[in-house]
1. Please verify whether TRP135 is surrounded by fewer than 22 Cβ atoms within 10 Å (Cβ to Cβ) and of a type in the set (Phe, Trp, Tyr), treating the condition exactly as stated.
2. Would it be correct to say that LYS108 is closer than 24 Å to GLY329 by Cα and either of a type in the set (Asp, Glu) or loosely packed, with under 15 Cβ neighbours inside 10 Å (or both)?
3. Taking interchain pairs and intrachain pairs at least six residues apart, which have beta carbon atoms under 9 angstrom, with the first residue in segment 116-134 and basic (Lys, Arg) and the second assigned to a strand (DSSP E or B) and open to solvent by less than 20 Å² (accessible area, probe 1.4 Å)?
4. Counting only residues that are in a helix (DSSP H, G or I) and open to solvent by less than 40 Å² (accessible area, probe 1.4 Å), how many does segment 1-22 have?
5. For ARG168, all conditions in the list (1) within 30 Å of SER302 (Cβ to Cβ); (2) of a type in the set (Lys, Arg); (3) crowded, with 16+ Cβ neighbours inside 10 Å hold save one; what is the number of the exception?
6. Before we move on, is PHE262 buried (at least 18 other Cβ atoms within 10 Å of the Cβ), touching a residue at least 60 places away in the same chain (Cβ under 8 Å) and in a helix (DSSP H, G or I)?
7. LEU201 - would you say it is more than 21 Å from VAL269 (Cβ to Cβ) and either at pLDDT 95 or above or open to solvent by 40 Å² or more (accessible area, probe 1.4 Å) (or both)?
Amino acid sequence: MDSVSDPPFHEAYKILFDKTRNTIQENNGFDSDVVVAAEECELPVIDLSLLEDRDETLREECKSHIARASQEWGFFQVVNHGICSHIFSRLRCEQEKVFRQPFEKKSKEEKFLNFSAGSYRWGAPTATCIRQLSWSEAFHIPLSDILGSSGSNSLSWRIEEFATRVSRLAETLADILAEKMGEKSRFFKENCLPNTCYLRLNRYPPCPTAFGIHGLMPHTDSDFLTILYQDEVGGLQLVKDKKWIAVKPNPDALIINIGDLFQAWSNGVYKSVEHRVMTNPKLERFSMAYFLCPSNDTVIESCREPCIYRKFSFREYRKQVRDDVQKLGSKIGLPRFLAH
């Protein structure tokens, strides 16, 4: 992409870059803010076609693998998920087109896509150090902007096509995870409706700096679960056994990760794991993520006792996250909601 399309990262973060370079020079090439490289690994891979198998033992084994990966990793990959590859490729094509629009148009004229104000995001406005910087741009889209809009543009049509299929998968996985907690509840069907969920289109431009920069700074997801489709460039990393590990891209798989709300609802059984994206010095990276979210009024309450977390509404949780990011530069998340 040309400089007209890219956000003005260098200008916006010049002070942070200069400060980091000076620190490195003063400390003989060392700076605690610079990110350490992570070793690569493969996430657990689960074949979802087994959920349709005639053999009940294989079906139950598959469900158990999903629950175990959610407890031990908080992340896993699914293959044979039933979503055709052209669904992803068609959205990816539209995704590239919209990110190739001039930066001024993307940042100031969101209505050219009929998205809500604030849908286009780039960088990290509250960053005070290099570790809090996010070298990326994204459209974070409430699906209420898309669903029923009669496909007002080709991007909206492809998003709806993608979201319709992925939402079914999200509901299936949520129901399995609830079942494995001994809960046959209709909680997710009743509270996580198509128009309460979000979709995020990400682009990570090449970042030709001498030190590792986050494409997306370390965080957990403020939802029940996330379904991610990514290209083969790589860059996604997560914490396992207190170490950062790099996820090896698998073009046939979707990545699933547990969000904060599922950790709270499961009383800490399923893990919402910290993850980040690292930039590539030469290649741009694209991904698309679906976030299974409830309505703002939905109350999240642990399904087991004694409760680790107090009950809270999704609105309350989102407000606390926003306030912390504005004041501190990063999210605190579930520790704010521990029961006393």
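The values are calculated or read from the model by the stated rules, or taken from the named source; none is laboratory data. Note that the structure is a prediction, hence the values are computed from the model and not measured. In this analysis, Cβ positions are derived from the backbone assuming ideal geometry, glycine residues included, and neighbour counts consider all displayed protein chains. For the accessible areas, the whole protein counts, side chains as well, though only heavy atoms, and no ligand, DNA or RNA atoms are used. Shrake-Rupley method; radii C 1.70, N 1.55, O 1.52, S 1.80 Å.
1. Numbers: surrounded by fewer than 22 Cβ atoms within 10 Å (Cβ to Cβ): no; of a type in the set (Phe, Trp, Tyr): yes.
No; evaluated as a whole, the condition is false for this residue.
2. Yes; evaluated as a whole, the condition is true for this residue.
3. Once the first residue is basic (Lys, Arg) and sits in segment 116-134, its partners that are assigned to a strand (DSSP E or B) and open to solvent by less than 20 Å² (accessible area, probe 1.4 Å) give ARG121/GLU137; ARG121/ALA138; ARG121/PHE139; ARG131/HIS214.
4. Total satisfying the criteria: 4.
5. Of everything listed in (1) within 30 Å of SER302 (Cβ to Cβ); (2) of a type in the set (Lys, Arg); (3) crowded, with 16+ Cβ neighbours inside 10 Å, ARG168 misses just condition (3).
6. Values: buried (at least 18 other Cβ atoms within 10 Å of the Cβ): yes; touching a residue at least 60 places away in the same chain (Cβ under 8 Å): yes; in a helix (DSSP H, G or I): yes.
The answer is yes for PHE262.
7. Numbers: more than 21 Å from VAL269 (Cβ to Cβ): yes; either at pLDDT 95 or above or open to solvent by 40 Å² or more (accessible area, probe 1.4 Å) (or both): yes.
When the stated conditions are applied, LEU201 passes them.
Each row is one residue, and each column tells you yes or no for (1) assigned to a loop (DSSP other than H, G, I, E, B); (2) of a type outside the set (Asp, Glu); (3) more than 25 Å from LYS240 (Cα to Cα); (4) in contact with a helix residue (DSSP H, G or I) (Cβ under 7 Å, 6 or more places away or on another chain).
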position	(1), (2), (3), (4)
TYR270	yes, yes, no, yes
VAL277	no, yes, no, no
ASN280	yes, yes, no, no
SER287	no, yes, no, no
VAL325	no, yes, no, no
ILE332	yes, yes, no, yes
PRO335	no, yes, no, no
